[in-house]
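See structure below.
Just so you know, all these numbers are worked out from the coordinates, no wet-lab data involved. Treat the numbers as computed from the prediction; the structure is a model and nothing was measured. Please note: Cβ atoms are built from the backbone with ideal geometry, for glycine as well, and neighbour counts cover all protein chains shown.
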Amino acid sequence: MASERSGAQVLVASNRGPVSYALGADGALSAKRGGGGLVSGLSAIGPGTAALWVCAALGDGDREAVRRSGGALDPGDTGGQRVRMLDIPAEVYAAAYNGVANSVLWFVHHMLYRTPMEPIFDAEFRAQWSAYEHYNTAFADALADAAAPSAAVLVQDYHLALVPGMLRDRRPDLRIAHFSHTPWAPPEYFAMLPDDIQRKLAVGILGADRANFLTERWARAFMGCARQALGTDCDAYWPRDGAPYVVSTPPAHKPRRTGIGVHGLGADAGFLRERAHRPDVDERMATLREQIGGTDRRTIVRVDRTELSKNIVRGLLAYRRLLADRPEWHERVVHIAFAYPSRQDLAVYREYTAQVGRLAEEINAEYGTVDWQPVELHVKDDFARSLAAYRLADVALVNPIRDGMNLVAKEIPVVSDDGCALVLSREAGAYAELGQDALVVNPYDIAATADALHTALSMDHGERAERTARLAAAATALPPDRWFLDQLEALKGLEGA
Ligand code: G6P
């Protein structure tokens with residue numbers, strides 16, 4: 001702890017950290033390291049910089065690890081990273097994470113509400129909102145305590161939207177960035193949140209020196225929401241030359257200026273290509289080929305968390321429609337769908353997971369034959385098997401209702417062995433970069449998605465290979481280390497400003 005007090009120069013804050021712990025029946029803790037853009041981004045700043053990652057303890061294993069370590073985790077478990085895990089009381093954490101972050105903010109930004117009776121902002125929600133404030137406060141306190149003078153703090157995502165403002169109050173010397181990994185809701189949709197909460201979210205993020213987004217579309221939506229929430233106390237500028245910014249006057253503060261950044265995270269080509277050619281991936285390719293059967297069968301691959309916004313059910317309905325309308329594909333195509341469990345504390349996610357399973361069974365019962373299973377649905381998370389599917393996919397189906405970026409759309413072209421046609425939703429952030437060489441669909445339109453699948457399956461080999469090469473180039477334009485360093489440099493550029 002003493003070294004933390006002397007202060008970290010670069011701090012990252014996120015709900016989910018780079019490691020999680022499982023508690024065995026014998027009381028032993030086993031660490032599981034996560035991947036993703038932040039992990040490779042942070043490793044790019046090199047060992048010379050005193051960096052610290054602040055995250056939440058997510059379950060019993062993590063809480064036990066915090067108790068045993070005092071919160072500063074063993075670097076042997078974290079890949080050498082300095083990590084401070086916060087033990088927020090379990091009921092506060094659950095209300096903040098499940099109640100507000102995942103059931104309200106995620107739903108608003110992904111525009112997932114579907115019935116006239118949702119959302120309902122009642123007393124129960126207000127209690128959850130207090131928990132969300134408490135949880136954000138715990139992060140702001142920990143960051144204020146651990147940061148060196150003028151340190152750079154990179155706060156991640158909708159879980160921690162209040163942190164930049166809270167941290168600014170505690171430590172005006174810090175340079176703070178916030179990054180939204182999700183889409184941002186259009187103002188008309190954001191308006192359904194209670195007015196005070198709209199204001200708190202806007203003031204929270206505008207407490208940062210830079211508010212960063214994955215695409216210009218989400219950045220513009222945020223600027224519109226901030227203006228809507230704060231009225232005359234906020235003005236957004238998108239100059240023709242130069243970077244956009246927002247000027248706001250948070251309650252009891254002087255006007256402040258927040259730069260808006262667009263940083264479109266790309267695929268990590270070096271890591272993916274190396275990892276995708278290890279023996280465990282080759283083994284899984286062999287197993288998948290057996291499951292697919294028939295030597296000239298085509299494959300449509302999707303890989304997602306079982307997440308409402310990923311639109312897995314409509315993807316299966318489009319595949320069923322393809323089989324219904326175009327019997328020429330019977331016995332000649334297999335849909336490999338990896339749908340890994342996610343947020344299973346929420347009933348709506350459990351129901352969705354069950355619906356995905358039922359639909360896959362129905363399609364197999366309706367069309368399957370003795371030696372052809374039209375859908376191969378797998379739910380056990382297995383990264384090596386995902387990479388194996390990436391390599392052999394003829395068609396990738398990425399059809400989210402809305403998505404901040406969608407890295408699967410970027411990863412598949414990078415590791416594809418023989419070229420892969422991409423069917424891509426126009427509502428994914430990745431569309432801004434990959435739209436030209438993908439077959440673009442309206443994710444709600446099942447008939448149009450079925451048609452796009454047919455076109456993708458029918459695409460000739462040469463065209464597919466050319467498109468894949470262009471997709472891979474666009475997908476790797478901003479690798480995670482560059483993505484991270486750009487944000488850091490933008491903050492450092494503020495020095496002395
Ligand atoms: C999205 C969010 C991340 C989150 C991830 C997985 O990508 O932007 O912040 O970590 O989903 O969701 P989970 O709730 O399992 O952390």
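For chymotrypsin sites (Phe, Trp or Tyr not before Pro), the sites in region 109-155 that DSSP calls loop and that have at most 15 other Cβ atoms within 10 Å are TYR113, PHE121. Residue by residue, region 460-470 carries 3J(HN,Hα) couplings of 6, 4, x, 5, 4, 5, 5, 4, 4, 4, 5 Hz when phi is fed to the Karplus relation 6.51 cos²θ - 1.76 cosθ + 1.60 (θ = phi - 60°); x denotes Gly or Pro. Our summary gives the chain a relative contact order of 14 percent, counting only alpha carbon pairs under 8 angstrom and 6 or more residues apart. Calculated FRET efficiency, ASP141 to TRP238, Cβ-Cβ distance, R0 = 30 Å: about 0.30 to the nearest 0.05.
Computed 3J(HN,Hα) for region 479-493, one whole-Hz value per residue from the Karplus formula 6.51 cos²θ - 1.76 cosθ + 1.60 where θ = phi - 60°, is x, x, 5, 5, 4, 6, 5, 4, 5, 5, 5, 4, 6, 5, x, glycine and proline marked x.
For region 90-213, the relative contact order is 28 percent, taking Cα pairs closer than 8 Å that sit 6 or more residues apart in sequence and dividing their mean separation by the residue count. Based on DSSP H segments of at least four residues, each scored -39500 (n - 2.57), the chain has a per-residue ellipticity at 222 nm of -13000 deg cm²/dmol. Phi angles of region 63-78 translate, via the Karplus equation with coefficients 6.51, -1.76, 1.60 and θ = phi - 60°, into HN-Hα couplings of 4, 5, 4, 5, 4, 6, 9, x, x, 8, 6, 5, x, x, 8, 10 Hz per residue; Gly and Pro are given as x.
Spin-label model, PHE383/SER30: points 7 Å from Cα along the beta carbon direction are separated by 1.6 nm. Annotation: amide H of ALA396 within the under-5 Å range of VAL301, ALA421, LEU422, VAL423, sequence separation 5 or more or interchain, hydrogens built in the peptide plane. Helix 123-146 and the long axis of the chain differ in direction by around 70°, with both axes built from C-alpha atoms. Of all DSSP bridge pairs formed entirely within region 269-476, close to 5 percent run antiparallel.
Rounded to the nearest 10 degrees, the angle from helix 195-206 to the longest Cα principal axis of the chain is 80 degrees.
In the structure shown, the pairs LYS200/LYS310; LYS32/LYS492; LYS32/LYS380; LYS380/LYS410 are assessed against 26 Å; a Cα-Cα span above that value is assigned to LYS200/LYS310; LYS32/LYS492. If the segment from MET117 to GLU362 were pulled out straight at 0.36 nm per residue, it would be longer than the present Cα-Cα gap by 85.2 nm.
Exposed loop positions in the chain were taken to be trypsin sites (Lys or Arg not before Pro) whose DSSP state is not H, G, I, E or B and which have at most 15 other beta-carbon atoms within 10 angstrom. Between these positions, the longest stretch is 115-239. Distance between the pseudo-spin-label points of ARG170 and ARG256 (7 Å out from Cα toward the beta carbon): 1.4 nm. If only the Cβ of Lys and Arg carry +1 and only the Cβ of Asp and Glu carry -1, the dipole of region 269-476 around its Cα centre is close to 400 debye.
Could you pull out every residue, at least 5 positions away or on a different chain, whose amide H is within less than 5 Å of the one on VAL155? Hs are placed 1.01 Å off N in the peptide plane, and Pro or chain starts have none. Answer set, sorted by chain and number: ALA13, ALA177, HIS178, PHE179.
If the chain linking THR287 and THR249 were pulled fully straight, counting 0.36 nm for each residue of separation and taking away their Cα-Cα distance, it would gain 7.7 nm.
If you filter region 399-491 for chymotrypsin sites (Phe, Trp or Tyr not before Pro), then keep DSSP loop positions with at most 14 other Cβ within 10 Å, what is left?
When the chymotrypsin sites (Phe, Trp or Tyr not before Pro) of region 399-491 are filtered for loop state and at most 14 Cβ neighbours within 10 Å, TYR444 remain.
Once R0 is set to 51 Å, what does the formula 1/(1 + (r/R0)^6) return for the Cβ-Cβ distance between PHE271 and TYR444, expressed as a FRET efficiency to the nearest 0.05?
With a Förster radius of 51 Å, E is 0.90.
For LEU377, nonlocal amide neighbours, meaning residues 5 or more places apart or on other chains whose placed amide H falls under 5 Å from its own, are ALA337. Think of each Lys and Arg Cβ as +1 and each Asp and Glu Cβ as -1; about the Cα centre, that makes the dipole of the chain roughly 960 debye. Relative to the longest principal axis of the Cα atoms of the chain, the long axis of helix 279-292 makes an angle of roughly 50 degrees. How big is Rg to Rh over the chain, alpha-carbon atoms, Rh as the Kirkwood inverse-mean-distance radius? Reported Rg/Rh (Cα atoms, Kirkwood Rh): 0.97.
On the beta carbon distance between GLN344 and ASP60, with R0 = 22 Å, the FRET formula returns roughly 0.90.
Classify region 269-476 as rounded, prolate or oblate, taking a ≥ b ≥ c as the square roots of the eigenvalues of its Cα gyration tensor: rounded when a/c is under 1.5, otherwise prolate if a/b is larger than b/c and oblate if not. Note, shape of region 269-476 comes out rounded. Over all other residues within a Cβ to Cβ distance under 12 Å of THR78, the charged ones net out to +2, with Lys and Arg as +1 and Asp and Glu as -1.
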